[in-house]
Number of protein chains: 2
Amino acid sequence: MPNFSGVIAPVLTPFGEDGSADADRFVEHCHWLLEQGCTGLAPFGTTSEGNSLGIDERMELLEEIIDADIEPEILMPGTGTPSLADTIVLTKHAVEIGCGGVLVLPPYYYKAPSEEGLYRYFSEMIEGVDEDDLKVYLYHIPPVAQVGFSLSLIGRLIKAFPSVVVGLKDSSGDWSNTAAILDAYPKFEVFPGSEVFLLDGLRKGAAGCISATCNVAAGPIRKVFDNWTTPEADDLQAGISAVRKTIQSYPMIPALKAIMAHFRDDPEWAKLRPPFTELPSAEAEKLITELKSKYNFHLDFDDEEDED
Amino acid sequence: MPNFSGVIAPVLTPFGEDGSADADRFVEHCHWLLEQGCTGLAPFGTTSEGNSLGIDERMELLEEIIDADIEPEILMPGTGTPSLADTIVLTKHAVEIGCGGVLVLPPYYYKAPSEEGLYRYFSEMIEGVDEDDLKVYLYHIPPVAQVGFSLSLIGRLIKAFPSVVVGLKDSSGDWSNTAAILDAYPKFEVFPGSEVFLLDGLRKGAAGCISATCNVAAGPIRKVFDNWTTPEADDLQAGISAVRKTIQSYPMIPALKAIMAHFRDDPEWAKLRPPFTELPSAEAEKLITELKSKYNFHLDFDDEEDED
């Protein structure tokens, strides 16, 4: 029985007018994502601008969503930083408040670390956190972090910490890498970092996907997950892949926030923390027009209307 | 009158047996570096494994050295992190306890940020810190951080914050880049990130150097700085360049710590925080032998002997 499976959103982080993280919009977005079909939430991932948030901000936001009745068991917050000390602080905090898992980047400041160095980092991290309930998901995203997890490092960590190192998000964008991990470690919970690989992944034993686009397309992605053994699976997959490809032809995080701002009719949702900048409005309009005309794309926010 | 000039060491951070930062050895090393001829200290740089330290660890260590009677005016701690929020916390703390400057990395998690995004990051950082005494030194180290400062970004920041953005450490390893910055912004305090470029830099208006090797060779480097207008300058420069080239033919940070461990006769000095690993002992012996035989290299620690 896996700890996590299905459709997990790396939750976008909304910012207020003063640039601070907006806890109200964040909580609202988490609830809405679960209604849309997400089976889990991964706050403070790359898409969340998680690495642009402070240590304290991350812990406070996590407490906010748990206080707002989101079950901690479905949360897999990003807790990896370049610093072993800060990573231990964030990880211990996440486990102590009940999070079902943590998604941990390798230390990514120093480039080309040795396998032994990364092994020691994770060993010391796990020993430093010292919590029986710790479930670590390795976060492999070499296009951004530059530092990644080799097949042999993954194997060493699974062997040394079989009940702790239980899965991996593969955002390499390289299906052959995902396939190699699934072949080598069949019981490992592997999540491709894009829904483009969801059906191929499920057919090979993947646990689901953790993908940026789940922030605006969780429903159709969930449909693939629920129907992957049925005859319509390939058609459903083709549909979600097409939407993904349209969105990722724009800068991904600004594009997702522009989509949220448009359909929520809330321009502030488009705000990003530096070093990101908003999608220029002409680009945002082009993206929305393209999504509507090609895919009849629409997002509903009934709850909010009910509350008015 | 520049805020900083001369020979600045990015101070190595010693670690104790349990992996925690060793404040006693750290303070001792800072005092010794100043005796050796350093004009300033830059704790928590790349060489310091600064990005492997936690936010709290950095603030505590900084307070320790000031409590140990190191003048805060000569301190230029590294305060840059991927997070705007944490960078503001560290920078404000450094200014409040009197540090003469701060050395600030660009946010380095997200790759290929726009110039506008980096400009906004530094603008919001400076406004967020909101201290009249803030002096920012931009930390340009693209081989590690991947994200750097273009000539035009430097110009925008100087123009917008002329009394705050006062200098830059150029660890690009590319002399033509250092020369271009010196040409474009003659009053800017530019420090090459290696003493290999010290004499060329001084002749072109550089303020000195901030270099890893200052941890073990501050005396001879200072001699170049003090004598750069004299006939023997080129010979002195050739001497320090040769030592640098020998050391950097090994992994730099492990090599420097191995040198400290050897000459202090203190094996614990060789410890590094993951993802770094110690220089294998055969390599360390080879390096020490090479330094001794080629350059009659030696480090003295008279103070410690006196205390015995």
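Computed quantities for the displayed model
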quantity	calculated
Close pairs (6 angstrom Cβ cut-off, 6 or more residues apart or separate chains): over 14 Å from A:L90 (Cα atoms) and of a type in the set (S, T, Y) in the range A:51-71, at pLDDT 95 or above and outside any helix (DSSP H, G or I) anywhere	A:S52/A:R273; A:S52/B:S83
Selection count where residues are aliphatic (A, V, I, L, M), in a helix (DSSP H, G or I) and crowded, with 19+ Cβ neighbours inside 10 Å, scope the range B:154-178	3
Count of residues meeting criterion [modelled with pLDDT under 95 and farther than 28 Å from B:S52 by Cβ] in the range B:265-302	2
Test for B:E268: is it among the acidic types (D, E), part of a helix (DSSP H, G or I) and over 20 Å from B:G16 (Cα atoms)	no
From A:V216, A:V224, A:V243, residue being buried (at least 19 other Cβ atoms within 10 Å of the Cβ), on the phi < 0 side of the Ramachandran plot, in contact with a Phe, Trp or Tyr (Cβ under 6 Å, 6 or more places away or on another chain) and in a helix (DSSP H, G or I)	A:V243
Subset of the range B:105-128 that is under 19 Å from B:L90 (Cα atoms) and without any contact (Cβ under 8 Å) to a residue 12 or more places away in the chain - its residue that is farthest from the other protein chains (Cβ to nearest Cβ)	B:E127
Failed item in (1) without any contact (Cβ under 8 Å) to a residue 40 or more places away in the chain; (2) among the polar types (S, T, N, Q); (3) touching a Pro at 6+ places or on another chain (Cβ under 8 Å), with A:T230 passing the rest	(3)
Residue tally, condition free of Cβ contacts under 8 Å to residues at least 40 places away in the same chain and under 23 Å from A:F122 (Cβ atoms), over the range B:23-49	1
Which numbered condition B:L62 misses (of (1) crowded, with 19+ Cβ neighbours inside 10 Å; (2) within 14 Å of another protein chain (Cβ to nearest Cβ); (3) within 18 Å of the chain's Cα centre (by Cα))	(2)
Output for the range B:87-111, where each listed residue is under 23 Å from A:Q146 (Cβ atoms) and assigned to a loop (DSSP other than H, G, I, E, B)	B:L105, B:P106, B:P107, B:Y108, B:Y109, B:Y110, B:K111
Odd one out for B:I253, checked against (1) touching a Pro at 6+ places or on another chain (Cβ under 9 Å); (2) within 14 Å of another protein chain (Cβ to nearest Cβ)	(1)
Pick from the range B:129-149, criterion in contact with a helix residue (DSSP H, G or I) (Cβ under 6 Å, 6 or more places away or on another chain) and surrounded by fewer than 17 Cβ atoms within 10 Å (Cβ to Cβ), ranking: farthest from the other protein chains (Cβ to nearest Cβ)	B:D133
Some residue of the range B:73-86 being among the small types (G, A, S) and part of a helix (DSSP H, G or I)	yes
Residue count, the range B:72-110 (criterion: farther than 22 Å from A:Y109 by Cα and over 17 Å from the mean Cα position of the chain (by Cα))	6
Count of residues meeting criterion [more than 8 Å from chain B (Cβ to nearest Cβ) and crowded, with 20+ Cβ neighbours inside 10 Å] in the range A:89-99	5
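Listed here are the residues, each with its yes/no results for (1) more than 11 Å from chain B (Cβ to nearest Cβ); (2) under 19 Å from A:L138 (Cα atoms); (3) in contact with a strand residue (DSSP E or B) (Cβ under 7 Å, 6 or more places away or on another chain).
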position: A:I8; (1), (2), (3): yes, yes, yes
position: A:C30; (1), (2), (3): yes, no, yes
position: A:L34; (1), (2), (3): yes, no, no
position: A:G40; (1), (2), (3): yes, yes, yes
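The values are calculated or read from the model by the stated rules, or taken from the named source; none is laboratory data. This one's a predicted model, so the numbers in the text were calculated from it and none came from an experiment. We place every Cβ from the backbone using ideal geometry, glycine too, and count neighbours over all the protein chains shown.
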